[in-house]
Structure formats: C-alpha cells, structure tokens
Amino acid sequence: MNLGALMAGDENAFVKGMQKVEADINKNIDDLAQKNNPSKALLEWKKTMQK
C-alpha cells in the first residue's frame, strides 16, 4: 500500500486505506498469536488499539 498516495488523495480514500492497514495489522497479530504464543503485552496492546 502506498501511504504517500493515500495522503495526497482525498480524505475518504485515506480513511479507507488506514482502516485496511489497521485490519491487516490485527490479522497479522492474530496469525502470529496462533503460531508463536506471543507475550501478554502484545495481546493487551492489540486490545487497547481496538477501542
């Protein structure tokens, strides 16, 4: 994803792009949690970011 292009575009496209980035990060954290038994700190951070 080209963040520079998102920032240069309109606000709606930027918001949608950032929501996609957030969803991708959350999915990656969930995938890693299943594979690697992460620290509680990472899972707590994810919970606070979703609020």
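Counting only protein heavy atoms and using a 1.4 Å probe, what share of the accessible area of the chain belongs to carbon plus sulfur, as a whole percent?
Carbon and sulfur atoms account for 57 percent of the accessible area of the chain.
Count the net charge of all other residues whose Cβ sits under 13 Å from the Cβ of Met1, scoring Lys and Arg as +1 and Asp and Glu as -1. Don't skip to the end; give the middle numbers.
Details: positive: Lys16, Lys20; negative: Glu22, Asp24.
Taking every other residue near Met1 into account, the sum is 0.
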**Study point:** Mean ellipticity per residue at 222 nm, deg cm²/dmol - from DSSP H runs of n ≥ 4 across the chain, formula -39500 (n - 2.57)
**Key:** -26500 deg cm²/dmol
Practice item. Beyond 13 Å, what share of the Cα-Cα pairs of the chain is found? Please give it as a whole percent. Key: 63
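Taking only protein heavy atoms and a 1.4 Å probe, what accessible area per residue, in Å², does the chain have with all protein chains in place?
Working: 4340 Å² over 51 residues.
Roughly 85 Å² per residue, with all protein chains present.
The values are calculated or read from the model by the stated rules, or taken from the named source; none is laboratory data. It should be emphasised that the depicted structure is a prediction, and the values quoted were computed from it without experimental measurement. Ideal geometry is used to build each Cβ from the backbone, glycine not excepted, and the neighbour counts take in all protein chains shown. Calculation scope for accessible area: heavy atoms of the full protein, side chains included, ligands and nucleic acids excluded. Shrake-Rupley method; radii C 1.70, N 1.55, O 1.52, S 1.80 Å.
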